[in-house]
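Novice: The structure follows.
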Amino acid sequence: MNTPAHLIFGMAAFAKPDAAKVTAAAIAGALLPDLSLYLLAGVHLFVLGTDPQIVFGELYYSDLWQAIFRIDNSFIIWGIGLGLALACRSAWAIALCGAALLHIGLDFPLHHDDGRAHFWPITNWVFESPVSYWDRDHYAGIVGPIEIGLTLILSVVLWRRFKGWIMRALIALLAVAEAAPVFVWMFMFNGGQ
């Protein structure tokens, strides 16, 4: 799934209008499994000027990048974190780990040839789903609209749940970002032309 969708889903599941720390943790947990990709790709694309085809066609699949992705996308690591959070009865830690696990759980069936080793450190096995959220050769034409539709529905739910303008602005921004991924990818691969 696209990161804005993960953030909306994580917020819908774990954010609480009356608990800012829990809401912040839900947002962070929904983002953390993708954060390393954004940092690595961002440095290469915007600092080093690496061609997007190299970043997403070679570096993404490199042993180094995949080793990093194994850590922040591990059901095992986040599951242990959730177990500890539950044992400590820490609402913010439950939201953090729960949102990260939700992110990983939604990604698991939606990556064809670009999945992660979700069961590291037990195994480096990567599930190659027949379905992809972005690859049209693997049903993205069906999955993408469903993802956008569910995200927009959850955005309305969150809009009604949160009354403050900061959260409503964030929700609106994420909804727009989710509904417009085609333009983002066109910009990245066409160099903004």
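Novice: Could you state how much accessible area PHE127 has, in square angstrom rounded to the nearest 10, with a 1.4 Å probe and all protein chains kept in place?
Specialist: Taking all protein chains as shown, PHE127 has close to 60 Å².
Novice: May I pose another question? Taking the range 1-95, how much of its Cα-Cα pair set, in percent, is spaced more than 24 angstrom apart?
Specialist: So the portion of pairs separated by more than 24 Å is 33 percent.
Novice: Build a GNM of the chain with springs between Cα atoms under 10 Å: which of ALA67, ALA19, ALA91 gets the top mean-square fluctuation?
Specialist: Residue with maximal mean-square fluctuation among ALA67, ALA19, ALA91: ALA19.
Novice: Okay, helix-only estimate at 222 nm for the chain: each DSSP H run of n ≥ 4 adds -39500 (n - 2.57), divide by all residues, round to 500 deg cm²/dmol; what do you get? Can you show the working numbers first?
Specialist: On the way: 9 runs with 129 residues, N = 193.
Roughly -21500 deg cm²/dmol at 222 nm, from the helical runs in the chain.
Novice: At a probe size of 1.4 Å, how large is the accessible area of TYR139, to the nearest 10 Å²?
Specialist: Near enough 130 Å² of accessible area.
Novice: With a 1.4 Å probe and all protein chains left in place, how much of the accessible area of the range 35-122 comes from carbon and sulfur atoms, in whole percent?
Specialist: Percent of accessible area from carbon and sulfur atoms in the range 35-122: 72.
Novice: So what is the diffusion coefficient of the range 87-154 in µm² per second by Stokes-Einstein at 37 °C and 0.692 mPa s, using a Kirkwood Rh over Cα pairs? Show your work: numbers first, answer last.
Specialist: Numbers: Rh = 13.6 Å.
This corresponds to a translational diffusion coefficient of 241 µm²/s.
Novice: Keeping every protein chain in place, order ILE77, ILE8 by accessible area at 1.4 Å, biggest value first, i.e. largest first.
Specialist: ILE77, ILE8
Novice: Over the range 1-152, what relative contact order in percent results from Cα pairs under 8 Å that are six or more residues apart?
Specialist: 26
Novice: Might you work out the accessible area of ILE153 for me, using a 1.4 Å probe with all protein chains in place, and round it to the nearest 10 Å²?
Specialist: 100
Novice: Leaving ligands, DNA and RNA out of it, rank MET167, MET11 by accessible area with a 1.4 Å probe, largest first.
Specialist: Ranked list, largest accessible area first: MET167, MET11.
Novice: If the chain between LEU48 and VAL176 were fully stretched, how many nm would it gain, using 0.36 nm times the residue separation less the Cα-Cα distance? Display every interim value, and only then the final one.
Specialist: Details: separation 128, 0.36 × 128 = 46.08 nm, distance 2.86 nm.
Additional length available on full extension: 43.2 nm.
Novice: Quick one: order LEU39, LEU82, LEU158 from most to least accessible surface, probe 1.4 Å.
Specialist: LEU39, LEU82, LEU158
Novice: Using just the Cα positions, wrap the chain in a convex hull and report its mean projected area in square nanometres, one decimal place.
Specialist: 11.5
The values are calculated or read from the model by the stated rules, or taken from the named source; none is laboratory data. Please read these numbers as outputs of a predicted model, since none were measured by experiment. For accessibility, only protein heavy atoms count, side chains too; no ligands or nucleic acids. Shrake-Rupley method; radii C 1.70, N 1.55, O 1.52, S 1.80 Å.
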